[in-house]
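See structure below.
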Amino acid sequence: MSRKPLLLVGGGGHCKACIEVIESQGDYRITGIIDLPKKTEKELLGYPVVGCDSELPQLLQEGSYVLITLGLSRGSRRRRELHRMVQAAGGRMATIISPLAHVSKHTLLDTGVIVMHQALINTGSHIGTNTIINSQALVEHDCTIGEHCHIATGARINGGCRIGDECLIGSGAILLPGISIAPGTRIGAGAVVTRNIEQRGGTWTGCPARPKT
């Protein structure tokens with residue numbers, strides 16, 4: 001079976017990690033990378049940088065898929081904007097699942113999601129479009145993760161949690177069961193979220209998890 005053509009949008013460190021997952025999966029053939037005009041690199045891990053964001057409509061091949069490989073260092077708003085550009089240009093969003101991850105057959109992944117190495121998504125959960133489930137992250141049963149989110153490395157989302165659109169759950173953060181997070185919230189690395197967060201667009205550092213003595 002021939003591999004499907006795939007254009008990557010965003011050429012930084014997160015893109016490198018995505019390439020590793022895409023290569024290990026083997027379902028897609030990377031045709032090029034779109035990056036910022038100011039960057040001078042001509043390739044990334046052997047794949048050509050073929051243009052910038054504004055050239056997206058011209059660069060999309062017929063039948064091509066797209067994955068947004070921009071991390072959240074520049075904020076989730078830019079990921080959302082790029083997603084809209086892809087849709088307006090007629091691109092189809094790819095969904096990528098690492099062969100080293102486990103995603104329950106009873107879980108729903110929207111288009112544009114990437115599930116990275118050793119992540120686990122349990123039964124009854126729903127992951128919104130253009131969301132990153134990063135390496136070793138856990139999304140337990142019956143969770144809802146919104147659109148354009150990033151569940152960072154090693155984060156633990158316990159059962160029944162509700163996370164709004166455009167949220168960042170930092171590395172190693174823990175959400176206790178049943179927690180609800182308002183859209184646009186940023187949870188700091190290592191934070192333990194023990195109550196609902198209702199204010200949109202805030203930052204929560206919470207109580208850092210303490211190592212056992």
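Please treat every number below as a calculation from the coordinates, not as lab data. The model shown is predicted, which means the values in this text are computed figures rather than measured ones. For neighbour counting, all protein chains shown are included, and Cβ atoms are generated from backbone atoms with ideal geometry for every residue, glycine included.
Give me 4, 105, 42 ranked fewest to most by other Cβ atoms within 10 Å of their Cβ, as a rough exposure proxy. Can you show the working numbers first?
Values: 4 14, 105 5, 42 8.
If I rank by nearby Cβ atoms, fewest first, I get 105, 42, 4.
For the chain, the longest stretch holding no GluC sites (Glu not before Pro) located in a DSSP loop with at most 13 other Cβ atoms within 10 Å is which?
Numbers: sites that count: 41, 62, 198.
With a cap of 13 other Cβ atoms within 10 Å, the longest stretch comes to 63-197.
Give me 116, 93 sorted ascending by neighbouring Cβ count inside 10 Å, so fewest comes first. Don't jump to the answer; show the numbers that get you there.
On the way: 116 23, 93 17.
Neighbour counts put them in this order, fewest first: 93, 116.
Between residue 141 and residue 203, what FRET efficiency follows from the Cβ-Cβ distance if R0 is 25 Å, with the result rounded to 0.05? All intermediate terms of the calculation are to be shown ahead of the outcome.
Details: r = 28 Å, r/R0 = 1.10.
Plugging the Cβ-Cβ distance into 1/(1 + (r/R0)^6) gives 0.35.
Can you give me the relative contact order of the chain as a percent, contacts being Cα pairs under 8 Å and 6 or more apart? Please list the in-between numbers first.
Working: 588 pairs, mean separation 24.4, N = 213.
Relative contact order, the chain: 11 percent.
Looking only at the chain, where both bridge partners belong to it, what percent of the DSSP beta bridges are antiparallel (to the nearest 5)?
On the way: 4 of 50 bridges.
Bridges in the chain that DSSP calls antiparallel: roughly 10 percent.
So what is the 222 nm mean residue ellipticity for the chain from helices alone, if each DSSP H run of at least 4 adds -39500 (n - 2.57) and you divide by all residues, rounding to the nearest 500 deg cm²/dmol?
Working: 3 runs with 30 residues, N = 213.
That comes out to -4000 deg cm²/dmol.
With an 8 Å Cα cut-off and a minimum separation of 6 or more residues, compute the relative contact order for the range 95-206 in percent. Walk me through the numbers before you get to the answer.
Values: 389 pairs, mean separation 17.6, N = 112.
Relative contact order for the range 95-206 comes out at 16 percent.
May I ask you to compute the full-extension gain from residue 58 to residue 29, defined as 0.36 nm times their residue separation minus their alpha-carbon distance, rounded to one decimal in nm?
8.6 nm
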